[in-house]
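Inspection log for the structure reproduced underneath, given as structure tokens.
Computed from the coordinates by the stated procedures, all read-outs in this text should not be read as laboratory data. In this text the structure is predicted, and so the values were computed from the model without any measurement. Counting neighbours? That spans all protein chains shown, and the Cβs are built from the backbone with ideal geometry, glycine included.
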Amino acid sequence: MPASHISHLQCVLCGATYNPADIAYTCPKCGPLGVLEVHYDYAQIAPHISRASLAEDCDPTLWRYRALLPISYSRKDTPQLAIGGTPLYPVERLRNHLGMSDLWLKDDTRNPSASLKDRASIIAVMLAEGKTVACASTGNAASSLAVQAASVGLPCYIFVPYNAPRAKIIQLLMCGATVFAVQGTYDEAFDICIEACKTFGWYNRNTGYNPYLVEGKKTVGLEIAEQLGWQVPDTILVPTGDGCIISGVYRGFEDLYRLGMIDRIPRVIAVQAEGSPAIVRALEGDGIVRPHPANTIADGISVGLPRNGAMAIRCIQSSNGFGITVSDEEILSAEKSLARLTGVFAEPSGAASYAGLLRLLAEGKIARSERIVLLVTGSGLKSIDAIAESAGKVIPIAKGTQGMDMVEKVVSSHASA
Ligand SMILES: [Zn+2]
């Protein structure tokens, strides 16, 4: 049952509104791209959340924001995996390196499945109410669903493109999911998943389809606001594929603004790969998202047709934000320098936000004095094949005293460097 504090659902394409009790996924008039946006009755929510009530709440997980989630207040069956409450680092070394005094890094690799997608999957697992769950994914959404389905004991079916990273597939299999590797792209895996959910009555966890999952993702925005002591950042850089995470970040701040808990909304900037630029192209053109062939090493943001493109465009434009693309080379180089300067090992798509920052600084499109948050969405440990070549080389040594001689040589070369 939809929560009573949801007032209605609204199609991002045609604007039609629906009662949440009447509809499960997308707008019947517009089809699969008619993603529905959740609207709340803020008068009903306001008594349940405030800066003061949050200050007294000792739950560090995303459930501290449950008043703003599409789950009934009365439900007590929250799954036990701890999701959200991830660190927002002041990244001192990176600040010094870039000459920026107010740069922050939101490390969402620190979720149970090692990606931000857990924030959405937990909502799916609760709304499934015991049904089998399914999703199509380039990797992280699937592994996060499998992890959480395992934690509550739901059967789980996953559709991945055949070239999804191995570590992510192994994570799925380890958690007991049935995995179909589609001989096609993510977009084709998505279409089969929708069909299978209809045929078998499974609960569909695809974010750019199921209206409630962006609501889970918005908790990252809520956390950033609270972690900064309600001092809203100027800019948040967001790796962008389907458009769901950037929509979620914006919607988190939008909720707080509507509740009067913050006085403005930050600018959100979409960072896409040059090989998967559909949302950036739409922002540069007429605002309509059209399919664009996708080919990038950043598998998590490799999307031909962004399913939540229209919502992302609305959010980016409402925030006075914009979009940029970065090359695969820039992403891989950013992934490495981010790890070396912060200790946070992002996957290629997660490091895209940092690659975007470097590009914007070089082009003078962002001021070093701004309060900027880099969102890192997933762990590099799940995509090591992408970075293996450029990570560096191990130094083979012999055992015993011969080996020790070689160690001494290397260490003295470091000392004289
Ligand atoms: Zn519609």
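Some notes on this structure:
- q = 0.11, 0.18 Å⁻¹, region 199-271: log10 I(q)/I(0) [Debye, one scatterer per Cα]: -0.30, -0.67
- Listing L103, L332 from fewest to most neighbouring C-beta atoms within 10 Å gives L332, L103.
- Counting only chymotrypsin sites (Phe, Trp or Tyr not before Pro) that DSSP places in a loop and that have at most 13 other Cβ atoms within 10 Å, the longest clean stretch of the chain runs over 231-417.
- Among beta bridges that DSSP assigns inside the chain, antiparallel share in %, nearest 5: 30
- Coil-residue trypsin sites (Lys or Arg not before Pro) of region 290-397, DSSP, other Cβ within 10 Å capped at 12: K365, K393
- Value of relative contact order over the chain, rounded to a whole percent, pairs C-alpha under 8 Å and six or more apart: 16
- Trypsin sites (Lys or Arg not before Pro) within region 259-292, DSSP loop, no more than 16 other Cβ atoms inside 10 Å: R264
- The 3J(HN,Hα) values that the Karplus relation (6.51, -1.76, 1.60; θ = phi - 60°) gives for region 339-349 are, in residue order, 4, 6, 9, 9, x, 8, 9, 8, 6, x, 5 Hz. Gly and Pro appear as x.
- Nearest-20 debye value, the chain charge dipole, Cβ charges on Lys, Arg, Asp, Glu: 280
- Estimated D of region 231-284 in µm² per second, where Rh is the Kirkwood radius over Cα pairs and Stokes-Einstein applies at 4 °C, 1.567 mPa s: 108
- Size of charge dipole - region 12-94 - debye, nearest 20, with Cβ of Lys, Arg +1 and Asp, Glu -1, no other charges: 80
- Rg and Dmax of region 6-118, both derived from C-alpha coordinates alone, stand at 18.6, 54 Å.
- Per principal axis, descending, Cα span of region 300-339 in whole Å: 32, 24, 15
- Loop-located GluC sites (Glu not before Pro) in region 316-368 whose Cβ has at most 15 other Cβ within 10 Å (DSSP): E363
- Quarter of Cα convex hull surface for region 230-363, i.e. mean projection, nm²: 8.0
- Kirkwood hydrodynamic radius of region 105-256, from the reciprocal of the average inverse Cα-Cα distance over all distinct pairs: 15.6 Å.
- Rg(Cα) / (2.2 N^0.38 Å) computed for region 4-70, rounded to two decimals: 1.38
- Of interest is the spacing of the C-alpha centroids, which for region 290-308 and region 189-258 amounts to 17 Å.
- Set K76/K198; K117/K218; K106/K393 screened for pairs whose C-alpha atoms are more than 18 Å apart: K76/K198; K106/K393
- Sorted ascending by nearby beta carbons within 10 Å, beginning with the fewest, T17, T78, T342 become T17, T78, T342.
- Kirkwood-type radius of region 315-417, with distances r between different C-alpha atoms, in Å: 16.4
- Debye, to nearest 20: dipole size of region 236-369, +1 on Lys, Arg Cβ, -1 on Asp, Glu Cβ: 360
- Geometric extent, Cα atoms of the chain - Rg, Dmax (angstrom): 21.4, 76
- Ordering L357, L173, S74 by Cα displacement along the dipole of the chain toward the positive end leaves S74 in first place; charges were set at the Cβ atoms of Lys, Arg (+1) and Asp, Glu (-1).
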